[in-house]
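Below you'll find the structure, written out as structure tokens, and then a few comments.
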Amino acid sequence: MRRLFEQIRNLLSTGRHREHRSLSALFGHFQRVLELNNRTLAIIASMHDKLGGDYIFDLQYLRGSKQYVAGTVRELIEAFDAMAPGRHPDLLTRFRAIRSQLESELERKPVLPDIMVMPLSGVTASDMDAVGAKSARLGIIASSGAAGAPDGFAVTTSAYLLFVRENGLAEPVERYEQAWRDGAMSAAEASGKIRSLILAGAIPGRLRRALSRELEALRRRLGDRELRLAVRSSAWGEDGDLSFAGQYDSFLNVDPEDLNDAYKKVLASTFSPPAMAYRREYDYKASEVLMAVSVQAMVEARASGVVYSLSPVEPARNVMEIAGTWGLGAPLVSGAVAADRFTVSRDGEHHVLYKSVSDKPEAMRFKPGGSVHMRPVDDGLRREPCLSPGEVRLLAETAMRLERYFKKPQDMEYAFDEAGNLTVLQTRQLRIGAGGEAEGADLSDVLRRYPVLLSGEGDVAQQGVGAGPVFVAWEGRDLAAFPDGGILVARLSSPQYASILNRASGVVTDIGSPLGHMATIAREYRVPTLLNASRATMVLQEGETVTLDAEQKTVYQGLVRELKLHDFMLDRMEETYEYRLLRRMLRLVEPLNLFDPDAPNFTAQGCRTLHDIARFIHEKAVEILIDIPNATAKGEPCPGGRLALPVPLDLVVLDIGGGLDESCAGGLDGLKLRRTILPEQVRSATLRAFIDGLTRDGVWQSTPVAVDFSSFMSSMTRTFSASGAGAGRIGQNLAVISDRYLHLSLRLGYHFTMIDCYESPDGTRNSVQFRFAGGVTGATRRSRRARFLYEVLKTFDFSVTVREDLVVARAKGWMARDVGRLMRLLGVLVGYTRQLDVSMIDDAQIYAHCEAFIRIAEQAAGT
């Protein structure tokens, strides 16, 4: 008795960090963390909603939003620091850095990485401000494998600012532009003076060295192939929300020795008269005039052209338009040459519905020594199609793949080389205008023709329409099998699906919250998402083509083309300065980079956005709560005693606030250990549910079982770590409870179980964690019991991982909304599996016990 008392006293008076904290205060801080985490996610969702185009907002809204979200995250950090004083000092450092960046954006000082060049293969969507939309899209295409893209690198907007700064151009450029705006100088005159200054400027040494290094790396990647360059503009706004089509200059077949001059010519085109007028029309501020440059290995094209993945003239026909010509595609884009034209079905085998072959007397080719020129086409090819049927089909498949990836119809430029290899030179969103049938069609009449599979259920996380084959993500399924453009259907929403959301046309889950982390990621990728739809995994069948209208909370059977077209024509994009600024601010607020708590980057230093900070704090706060049995409570009375049960489980209960009846008040000392706590004195609903499951008739097996000698010796020679044992106190059965929290640390025979449960006030942040390890038998039987636990727990909505005989199961948020049901289940499970490994004589026993257990557990969980 005295030894047990000493163990418990040590448990309550020592901790890993030696600080003395009130356990009830710790629990209060945890509740505050959850409240602020929810508020942070709600603010992020509200800010993102403004990008939908349905709201009018101004700079005052943006300043207020920045204050609100930053202030809330600061409070969140303070609440977390009260739980773990001084444990993560880098959180505040990262917060201050992100807040400073938000303030810079509001002060018209864009936040850009201090880097001169970036290989296109390493560019992601988050680098758009650094490399421009044109280069960013090529990088995304290359890294995703959606299509072939040219090798090369981007010269960043930071390089442009360095060039302007070191050549002293900011003041004269502003002076000439202002003179033009005031009418004191013509656009041509102001443009000429600014461009002359840029062309006379010197490439800064840092940039010159970076260009040389990247050119050499590109040469090494190409091997024996002669390096010729395409030097293209990739300015802010170009190929993004606005097209800036034809406003800037690009240069083809550039000798690497002439790269510096070509780079300056592209910079100078930033101030062409058309570009200046275009920016004034759309209220581009001086701080937004930033030019990145895309440097690509030239493709010596046999044929080139353009694909519109949806006809912009007749969108209701559901066809795509393909144009092609011999040689390089620049004269086709500019309208200087005739082109072959193909109208192609968007569905199935992409049949050619119409073909027009033009006389193509000239083609643009490489000019010896550099640049390009027009050359005669052989007489035998002038009236021949420049694209084979197979190439037309490949272009159609590629354009549709990019449309699914970027969630909008695409305007794609392409080239085929002499070997028939396809390269996507650039792609941008294609603007679709309503017209004819599409404009006048009564969509409600059309929709009546399609069976409705789900309607009126769920919570919208991201509006929009998505269509594709259903992919049911059951527990443990390989996500690499997810099809491009599929509809992700899952039991619960989880950040683990982040890796495939950029390829998804839509998401539907049975359980989830629009304020969860996955919902935020879905909004970032603009994937139509419906969460908490309850019956999705039962109704939507694997491989079935469906159409999701997230805004209307409806899933239709089949592909509803008219609904997709309607969504394409809804132009939610705003072209105001405030919209562009909000989008840049959200890049510092919304993206989630921390997914896996076991990943090396899951650290305070790894937080790159305010969402990252909230995610990190939430995960670490739960870890601290789980560690409550090892926390300090020196000097704090802790009511408790032994719980009287009808089964032989010697369980000591400690109450840290509201878990026991008031009659159990008083500090725990040597005498109090003799106190008996009756089940009716337990106020903790989660502990009562666990006891109810544990003490069900037929659950607790009391009769001795035979154990073979080798299994017994195996168990005696095994070593159990503190982490494997759960609470780290082998030899005790302990429950730490409050009105909303339960920690159970159990040793039953030779195995160890740890259960942590938290029930939030509104049920949206509930959490249940179960850990199990050990056993009296050899490795094979223990692994069979682990497999049994895996099969059972995943049946009851737990996320489960197994490492040898260690089983870890988690249920969070909506998945754990009925914690009473889950705790009764775990009570049954603890009793049922106490000696189960002994009877696991072959694999057939796994599924026999699964069926027997589920019958018992469903009866228990349902009461």
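The values are calculated or read from the model by the stated rules, or taken from the named source; none is laboratory data. As the structure is a computational prediction, the values presented were derived from the model and not from experiment. Ideal geometry is used to build each Cβ from the backbone, glycine not excepted, and the neighbour counts take in all protein chains shown. Ligands, DNA and RNA are stripped out before the accessible areas are found, and what is left, the full protein with its side chains, is counted by its heavy atoms. Shrake-Rupley method; radii C 1.70, N 1.55, O 1.52, S 1.80 Å.
Would you please name the GluC sites (Glu not before Pro) within segment 275-353 that are DSSP coil residues with at most 16 other C-beta atoms within 10 Å of their C-beta?
In loop regions of segment 275-353 (DSSP not H, G, I, E or B), the sparsely surrounded GluC sites (Glu not before Pro) are Glu300, Glu349.
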If you average 1/r over every pair of different alpha-carbon atoms in segment 451-559 and take one over that average, what Kirkwood value in Å do you get? 12.9
Arg803-Asp347 FRET efficiency (beta carbon distance; Förster radius 41 Å; 0.05 resolution): 0.35
Computed curve, segment 147-204, Cα-only Debye sum without solvent term, log₁₀ I(q)/I(0) at 0.22 Å⁻¹, is -0.85
Note, ³J(HN,Hα) from phi for segment 121-136, Karplus 6.51, -1.76, 1.60, rounded to Hz, x at Gly and Pro: 5, x, 7, 10, 4, 5, 9, 4, 5, 7, 10, x, 5, 4, 5, 4
Taking a quarter of the surface of the Cα convex hull of segment 117-297, what do you get in nm²? 10.0
Find the Rg to Rh ratio for segment 344-472, where Rh is the Kirkwood radius over alpha-carbon pairs and Rg uses the same atoms. 1.09
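Please report the projected area of segment 58-191's Cα convex hull averaged over all directions, in nm².
With the hull built on Cα positions only, its mean projection is 13.1 nm².
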Two-decimal log10 I(q)/I(0) for segment 135-234, as the Debye equation yields it once each C-alpha is a single scatterer, q = 0.10, 0.12, 0.19, 0.25 Å⁻¹: -0.43, -0.59, -1.01, -1.30
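Under a 1.4 Å probe, what is the accessible area of segment 303-420 per residue, stated in Å²?
About 45 Å² of surface per residue is accessible.
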With a 22 Å threshold on alpha-carbon distance, the violating pairs from Lys109/Lys408; Lys193/Lys265; Lys408/Lys812 are Lys109/Lys408; Lys408/Lys812
Put a dot 7 Å past each Cα toward the Cβ at Ser144 and Glu103; how far apart are the dots in nm? 3.7
Cβ crowding within 10 Å averaged over residues, with 765-771, 481-487 ranked highest first: 765-771, 481-487
Segment Leu227-Ser371, length gained on full extension (0.36 nm per residue, minus Cα span): 50.5 nm
Segment 325-397, Kirkwood Rh and Cα Rg, ratio Rg/Rh at 1.03
Extending each Cα 7 Å along its Cβ direction at Asp261 and Asp417, get the distance between those two points in nm, one decimal. 2.7
Using Cα pairs under 8 angstrom and six or more residues apart, how large is the relative contact order of segment 487-547, in percent? 38
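Give, as a single signed number, the net charge of other residues whose beta carbon lies under 13 Å from the beta carbon of Arg225, with Lys and Arg counted +1 and Asp and Glu -1.
Within the 13 Å Cβ shell, the charges total -2.
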What does the accessible area per residue of segment 115-234 come to in Å², with a 1.4 Å probe and no ligands, DNA or RNA counted? 43
Hey, what did segment 507-597 get for relative contact order, percent, Cα under 8 Å, at least 6 apart? 26
Give me the distance in nm between label points sitting 7 Å out from Cα along the Cα-to-Cβ direction at Ser121 and Lys794, one decimal. 3.6
